[in-house]
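Report on one structure; see the data block that follows.
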Amino acid sequence: MLQALPTASRYRVKAASVPAPVGGLNSRDSLDAMPPTDAIIMSNFFPTVEKVTLRDGYTQFCTGVGSGDVETLAEHNSGANRQLLAIGSNGTLYQIDTGTAVSKKTGLANGRAESIEFNNLSIFVPSGANVPFSWNGTTASDLSITLSDGVNANTLTGVHAYKNRVYYFTGSDQNFYYSATVDTFQGNFTKFPVGLVGTFGGNLIMIATLTVDGGEGVDDLLALIMTSGEVLIYSGSDPSSSNFALVGTYRIAEPVNEKRAIAKLGGDVVVMTREGYLPLSAVVRQDIVGVRAAAISEKIRGTVIDQVRSKGDTKGWQIFVSPDGDKVYFNYPTGAGVDPYNQHVFNPIIRAWCIFQDIPSTVWGQYDGGTYFGSSGGKVFKVGGDADDGANITGDLATAYNYFG
């Protein structure tokens, strides 16, 4: 006759739940020490406060922005006049906010240009053999700029606005140029030789405004970033006066040699470097050794460093903050033919990371509160929806190991 197993020999069943990996991607910690709320693979899934969701898709918004890569996207935002502008590899500026590409300026050497909004105008600085030009919502006009050292204005490749002044730079030397008067973007500009202050050399590759009081105001600082990794921080508003003073010189890892590898994030500024994605506020407090641990990308440090090491000199690096502020895209080239660009994506609310794949983005931009990206074949796409231009979105997720007590 069958006998019941002794109580001590019976199997005991215990329920356990597996938490959603809201901690995001972790490529730093060893597998046995990783929190159960992290993930060892997180592709096309986005971590939020209480759950993990499949990323948004995208739909085709506009075609005909040339026939090659779309290299520049910029929003012209002047009062009620809001437009989306794009430059194709054919060197033509288009207005595309209606979904149709309308040519507005031709003859540019290529599709790359840096831009700012200043005094109700969009100021564009092309990357090669063209003088800067402005866009007033209707017409593109070449600017008349005279540089004090006789350098041709068509060698300028970068622009930044700081305390009602426009700063231009070439990116191939240690100088920037500033206007003697405020609220002007053309005319005479005076050279400021940064090389007389810096000690590590390199060319001036980025200029940013660092906010130390929680909002843009009198306490804003001007940060000059060199290709050597030296950061020069100034206070004051007029480089020709005594109130323009050097706050300090700092050292970070070499930045990615790309003017778009920097972005304002709240009051801070984040820079893509060979040691990770660094906030400049940390640079002011500590130098290169301490800054490594302070990188916002510390949790995916190995992944970022490997990518910069392999493709740091390839075009496509860009930081883009979504208009709603819930995502920061770190666009990077992969070198792959099928999926040439991916994104490290950061949730600044919970400070969690993931990777987006299968988004063919050569450049990112915003318009009227939406997120857009330029792609190959002269196409521009809008982010949103549950499909990638009609195709399924495929995600890949592997959670950290769980010991279940």
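Where residues in region 38-61 are among the hydroxyl-bearing types (Ser, Thr, Tyr) and assigned to a strand (DSSP E or B), which of them is farthest from Gln343 (Cα to Cα)? Ranking the candidates gives Thr59 first. Every test in (1) in contact with a Lys or Arg (Cβ under 7 Å, 6 or more places away or on another chain); (2) in contact (Cβ under 8 Å) with a residue 24 or more places away in the chain is passed by Gln95 save one, and that test is (2). Being open to solvent by 30 Å² or more (accessible area, probe 1.4 Å), touching a residue at least 12 places away in the same chain (Cβ under 8 Å), within 28 Å of Gln83 (Cβ to Cβ) and over 27 Å from the mean Cα position of the chain (by Cα) is a property that does not hold for Val151. Looking at Ile359, Ile393, just one residue is within 27 Å of Arg82 (Cα to Cα) and over 15 Å from the mean Cα position of the chain (by Cα), and that residue is Ile359. Residues being touching a strand residue (DSSP E or B) at 6+ places or on another chain (Cβ under 8 Å), part of a loop (DSSP other than H, G, I, E, B), under 23 Å from Val269 (Cβ atoms) and open to solvent by less than 40 Å² (accessible area, probe 1.4 Å) are represented in region 318-337 by at least one member.
Within region 376-396, being at negative phi and open to solvent by 70 Å² or more (accessible area, probe 1.4 Å) holds for Lys379, Lys382, Asp386, Asn392, Thr394, Asp396.
Quick check: is even one residue across region 363-373 hydrophobic (A, V, I, L, M, F, W, C) and farther than 24 Å from Gly266 by Cα? Scanning region 363-373, I find no residue that is hydrophobic (A, V, I, L, M, F, W, C) and farther than 24 Å from Gly266 by Cα, so the answer is no.
Pairing each residue of region 114-129 that is over 16 Å from Ile207 (Cα atoms) and assigned to a loop (DSSP other than H, G, I, E, B) with any residue that is among the small types (Gly, Ala, Ser) and open to solvent by less than 50 Å² (accessible area, probe 1.4 Å), provided the two are 6+ apart or on different chains, yields C-beta distances under 6 Å for Asn120/Ser78.
Of all the numbered requirements in (1) buried (at least 19 other Cβ atoms within 10 Å of the Cβ); (2) in contact (Cβ under 8 Å) with a residue 24 or more places away in the chain; (3) within 16 Å of the chain's Cα centre (by Cα), Asn342 misses one, and that requirement is (2). Selection of region 183-194 for residues being more than 12 Å from Ile145 (Cβ to Cβ) and either touching a residue at least 60 places away in the same chain (Cβ under 8 Å) or open to solvent by less than 30 Å² (accessible area, probe 1.4 Å) (or both) yields Asp183, Val194.
Restricting Leu85, Leu25 to residues that are within 28 Å of Thr155 (Cβ to Cβ) and open to solvent by less than 50 Å² (accessible area, probe 1.4 Å) narrows the list to Leu85. In the condition set (1) out of contact with any His (no Cβ under 6 Å at 6 or more places or on another chain); (2) over 25 Å from Leu84 (Cβ atoms), Tyr167 is compliant with all but (1).
Do you know which of the residues in region 164-182 that are surrounded by fewer than 16 Cβ atoms within 10 Å (Cβ to Cβ) and farther than 14 Å from Ile225 by Cα is nearest to the chain's Cα centre (by Cα)? Among those residues, the one meeting the criterion is Asn164.
Here Thr314 passes the criteria (1) surrounded by fewer than 22 Cβ atoms within 10 Å (Cβ to Cβ); (2) at pLDDT 95 or above; (3) in a loop (DSSP other than H, G, I, E, B) except the one numbered (2). Is it the case that Phe45 is open to solvent by 40 Å² or more (accessible area, probe 1.4 Å) and touching a Leu at 6+ places or on another chain (Cβ under 7 Å)? In short, yes.
Within region 40-67, residues that are farther than 16 Å from Ser361 by Cβ and touching a residue at least 40 places away in the same chain (Cβ under 8 Å) reach partners that are assigned to a strand (DSSP E or B) and of a type in the set (Asp, Glu) with beta carbons closer than 9 Å, at six or more positions or on different chains, in the pairs Ile41/Asp396; Met42/Asp396; Phe45/Asp396. There is at least one residue in region 152-169 that is farther than 21 Å from Leu108 by Cα, among the β-branched types (Val, Ile, Thr) and assigned to a strand (DSSP E or B). Considering only residues that are of a type in the set (S, T, N, Q) and not in a loop (DSSP other than H, G, I, E, B), look in region 62-105 and name the one that is nearest to the chain's Cα centre (by Cα). The extreme case among them is Thr72.
The values are calculated or read from the model by the stated rules, or taken from the named source; none is laboratory data. Being a predicted model, the structure only gives us computed values, none of them experimental. No Cβ is skipped: glycine too gets one built from the backbone with ideal geometry, and neighbour counts run over all protein chains shown. Accessible surface is based on the protein model in full, side chains and every heavy atom, while ligands, DNA and RNA are left aside. Shrake-Rupley method; radii C 1.70, N 1.55, O 1.52, S 1.80 Å.
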